[in-house]
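What follows is a short report on a single structure.
The values are calculated or read from the model by the stated rules, or taken from the named source; none is laboratory data. Values in this document were obtained by computation on a predicted structure and should not be read as measured data. Here the Cβ positions follow ideal geometry from the backbone for every residue, glycine too, while neighbour counts run over all protein chains shown.
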Amino acid sequence: MWREHARIVLMVGRFPTISETFIINKFVGLLQRGFDVHMVCNQYKKSLAHSYYPNTLIGTKHRIHVWNPFTWRGLWMWKPKILINLFVSCLAAWAQQGTPLRFSQNIRRYVWQTWRRHAMASLGPALVHFEFGTLAQENITSLRDTSWKNAVSFRGYDIEYVGLDDPHFYNQVWEYADAFHVLGADLKRRADKRGLPLDAAVFQIPPGINFSEYEAPFKIHKNEVIQLTTVARLDWKKGIEYAIEAVALLKNRGFKVMYQVIGEGSYREYLKWVIDFYDVHDCVILCGSKNKVEVKKYLFETDIFIMASVSEGFCNAVLEAQASGLPVVCSDAAGLPENVAHNETGYVVPRRSAKAIADAVETLICEPHTRERMGGNGQTRVKENFSLEKQIDAFESMYRTLLEESSSRQTNVEVMPAPIIHARVS
Amino acid sequence: MLNVPAMKSLLVLGVQYPPESFLLRRYRALAARGFKVTLIAGYAPTTHPPAYEGVLWKRDVMSSSVPHWMVVGYCIQALWIACLHPIRVGRFVGHVLMRPFSWDLRGFLAHMRLFLCKEDIIHIEWLSLMECFTSLKYCIDARLVVSCRGTQFVNGRDAQENNASFISTLKRPAGIHAVCENFARTAREIREKKNSDVTTIYSGVPDPHKMPIISNVLSFCIVGRLTAIKDHELGLQALKIVRDLGYDCTLDLVGDGTDMARLRYAAMDLNIQNAVRFHGALNSSKTMEHIASSGCLILTSIHEGVANVVLEAMALGVAVISTDCGGMNEVIVSGYNGLLVPRHSAQAIADAMMHMIQNPLHAKSMAYHGRLTFLRRFTIEKSTRSWIEFYQGVIKNVA
């Protein structure tokens, strides 16, 4: 089998982080299919790995490499060859940039780049997949000066926030990577704007979730108080203040609602102020961060799921909510309109608009049967389009195409059968 | 008439290096009048730049940047002091021993040093820092002065719901300074008995001695740290609303902070990236230039004491739009020397911007009256005078 002989290396930054479940899902999924997968990261926290993902990483210790040239562990991997290489690339960079000052600012980066390229070569991969565009940009020599195939994932973070000042920020990545992976059509469009070449091999693979974990029959809760939930970091990207404002509007219209936000972040103080400002102490709770099992419990008691993001990649939390049979009210930020089918599994409303959220939630509160219908639709839709199986299938075919093709560049764009995207509410 | 000791020296705690410009201005003014000002900070400069003339920096024992050999030195010093003042030190040590969890050498030494300091007034610049100096409660409350400022004060009020520490903190010092009457009122309510010792002193800004000619009413300016509490995104949303109505106005953002990515994204997302310029953090003269060259300054904060940038703009004779937060309504009379709008509402700010654009004469008159207000109430001389009066009053009360 080709799977066992072609070694695939997934490259991530920190591992694990609580909001990046997709990486671990992919890693475990590929392993189960018999791939020879290795994971490379800068930092690894074993305790976190076990509390976030209990029992998932058993027997994978030798496949997770924590590589940092400045630790004791990384020290023995230094070789004379690396030093020579480093010296040469430093000289070249000096010649190119002219001033010693800028050179000295970048030297740390050259050390990382060169060291990591050699460490990677010691694994002997057939394909290296950089899970973030910024990682590829930092390790550009691993793409340029090596013989293995390179794939790069571009996520919301890479496209929307990094290197906006420099129009040529990703130029080298566009040039040297063999294939690109984006989560959805919207991210593809944004990547195009930042200079993704037209003839590049782009694979559009939406994230997948393990559906069986979330499956629960939808039921209409008989409670008088409607439970609204958001699972998100307390961050400006998630636009929670708009949801809180919407709750205030609903409260003024006479509905009994309870809104809980599961997650933690730097905007807690600000959100507390917003709650104070709209005087909704009695119907908004900031629950703090919870682990997977607890989140499932919260979702089970919820009636409507809200995601008011201002900026978003694709959002796994919304997928999980749909999988547990909840109707979703979400904003039209980036990937969310592809994630939620408008009028079918939930409502997609304009972003930064509390009134639109309140209107959509009001409709759902008044029509319990719509809620039931949307919940059911959501479950089937997620099961059909966003299952983990399907995602792994897509990655498998992507890797096969990459490893089997003779030329380094593929001309046609391969797209996984995409779910239907509906127009947003006007 | 009692023989009241005059205030000669001042010890300031809780200032970071480099200090905020409005603090520095005050210290320099006090030093210029012959007071001895000593600052204790985590980091102290080894050579004094000319800007700090007359102001003495000392390193804080509590900070981790102090090397161990210096701690040993402090220990010896503390033993020596214990020999000289056995009763006072005994009381202090007794107090520390009562609370076994505070057996931290650095903290102990820092408190000891404060306890025995010779200054007439000890001023803690931020109310929230009072929690760090618990031993002051038992030792030197006679000379203690605390400032209630914007964010710190409101956060303190938040804690007030949860525990009583805020109330006890506010009851402790001999004198309280509030940056605006709004905070002073709350502080008085909490302190109940002593009504007279909460004083409002507005900060003063230097007089630029020039009046700009506002040529472009379509350019707006926002100055401040880019943090959530300043709510700058509202300014961008307001700009979007005004631009959608067909006015080609621009916005300059001066400042840096954690929200930079958020604002850049918002500018891109709202499709006004060509109308917004991000300048990053600038020094004060360049900031003043930006304010002077714009037609109007906008303050979008949700919390504020009295924003110094608004006072600076008024001194420059630039029209101001401000949210009605903290003490801003004590500075601005809406329609007379600026426009006040409700907090957290982009539409309200947009309306105010429209008003400024459509009535340039009114904007000009507001700018003129802003300048008058500054000359009457917010000059640096006036504020220094009231600071000295305040310190003298505290000493008098104690005596």
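General remarks:
- Residues satisfying the stated conditions in region B:217-246, i.e. of a type in the set (Gly, Ala, Ser) and without any contact (Cβ under 8 Å) to a residue 12 or more places away in the chain: B:246
- In region A:339-378, the qualifying residues are those that are more than 23 Å from residue A:223 (Cα to Cα) and buried (at least 24 other Cβ atoms within 10 Å of the Cβ), and the one that is farthest from the chain's Cα centre (by Cα) is A:349.
- Of residues in region B:276-297 being aliphatic (A, V, I, L, M) and touching a Cys at 6+ places or on another chain (Cβ under 7 Å), the one nearest to the other protein chains (Cβ to nearest Cβ): B:297
- Considering B:302, B:241, the condition of being within 24 Å of residue B:370 (Cβ to Cβ), in contact with a helix residue (DSSP H, G or I) (Cβ under 7 Å, 6 or more places away or on another chain) and either within 11 Å of another protein chain (Cβ to nearest Cβ) or among the aliphatic types (A, V, I, L, M) (or both) is satisfied by B:302 alone.
- Candidates A:266, A:289, A:309, A:331: the one that is polar (S, T, N, Q) and without any contact (Cβ under 8 Å) to a residue 60 or more places away in the chain is A:266.
- Residue in region B:334-343 that is of a type in the set (D, E, K, R), touching a Cys at 6+ places or on another chain (Cβ under 7 Å) and over 30 Å from residue B:175 (Cα atoms) present: yes
- Number of the exception - residue A:314 against (1) within 14 Å of chain B (Cβ to nearest Cβ); (2) within 27 Å of residue A:209 (Cα to Cα): (1)
- Candidates B:248, B:269: the one that is away from every other protein chain (no Cβ under 14 Å) and of a type in the set (D, E, K, R) is B:248.
- Test: residue in region B:257-268 that is assigned by TED's automatic domain parsing to the domain that holds residue B:343, in contact (Cβ under 8 Å) with a residue 60 or more places away in the chain and in contact with a Lys or Arg (Cβ under 6 Å, 6 or more places away or on another chain): no
- Highlighted here are the helices (runs of 4 or more DSSP H) found entirely within region B:307-399 that include at least 2 residues which are in the same structural domain as residue B:289 (by TED's automatic domain parsing), small (Gly, Ala, Ser) and within 24 Å of residue B:204 (Cα to Cα): B:308-316, B:360-377.
- Residue in region A:145-189 that is farthest from the chain's Cα centre (by Cα), counting only those that are more than 14 Å from chain B (Cβ to nearest Cβ) and among the small types (Gly, Ala, Ser): A:147
- Test result for residue A:309, among the hydroxyl-bearing types (Ser, Thr, Tyr), touching a strand residue (DSSP E or B) at 6+ places or on another chain (Cβ under 6 Å) and within 14 Å of chain B (Cβ to nearest Cβ): yes
This table checks each residue for (1) acidic (Asp, Glu); (2) farther than 17 Å from residue A:232 by Cα; (3) within 14 Å of chain B (Cβ to nearest Cβ); (4) part of a loop (DSSP other than H, G, I, E, B).
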{"site": "A:261", "(1), (2), (3), (4)": "no, no, no, no"}
{"site": "A:265", "(1), (2), (3), (4)": "no, no, yes, yes"}
{"site": "A:269", "(1), (2), (3), (4)": "yes, no, yes, no"}
{"site": "A:273", "(1), (2), (3), (4)": "no, yes, yes, no"}
{"site": "A:281", "(1), (2), (3), (4)": "no, yes, yes, yes"}
{"site": "A:285", "(1), (2), (3), (4)": "no, no, no, no"}
{"site": "A:290", "(1), (2), (3), (4)": "no, no, no, yes"}
{"site": "A:293", "(1), (2), (3), (4)": "no, no, no, no"}
{"site": "A:298", "(1), (2), (3), (4)": "no, no, no, no"}
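- Scanning region A:30-69 for residues that are outside any loop (DSSP other than H, G, I, E, B), of a type in the set (D, E, K, R) and more than 26 Å from residue A:387 (Cβ to Cβ) yields A:46, A:61.
- Of the criteria (1) away from every other protein chain (no Cβ under 14 Å); (2) closer than 12 Å to residue A:230 by Cα; (3) touching a helix residue (DSSP H, G or I) at 6+ places or on another chain (Cβ under 7 Å); (4) of a type outside the set (Asp, Glu), which one residue A:302 fails: (3)
- Boolean, residue B:338 is more than 20 Å from the chain's Cα centre (by Cα), surrounded by fewer than 24 Cβ atoms within 10 Å (Cβ to Cβ) and in contact (Cβ under 8 Å) with a residue 12 or more places away in the chain: no
- Filter pass, residue A:50 being touching an Asp or Glu at 6+ places or on another chain (Cβ under 8 Å) and at pLDDT below 80: no
- Here no strands (runs of 3 or more DSSP E) wholly within region B:3-69 include at least 1 residues being at pLDDT below 65 and under 20 Å from residue B:383 (Cβ atoms).
- One residue alone among A:234, A:250 is away from chain B (no Cβ under 14 Å), at pLDDT 90 or above and over 30 Å from residue A:394 (Cβ atoms), and that residue is A:250.
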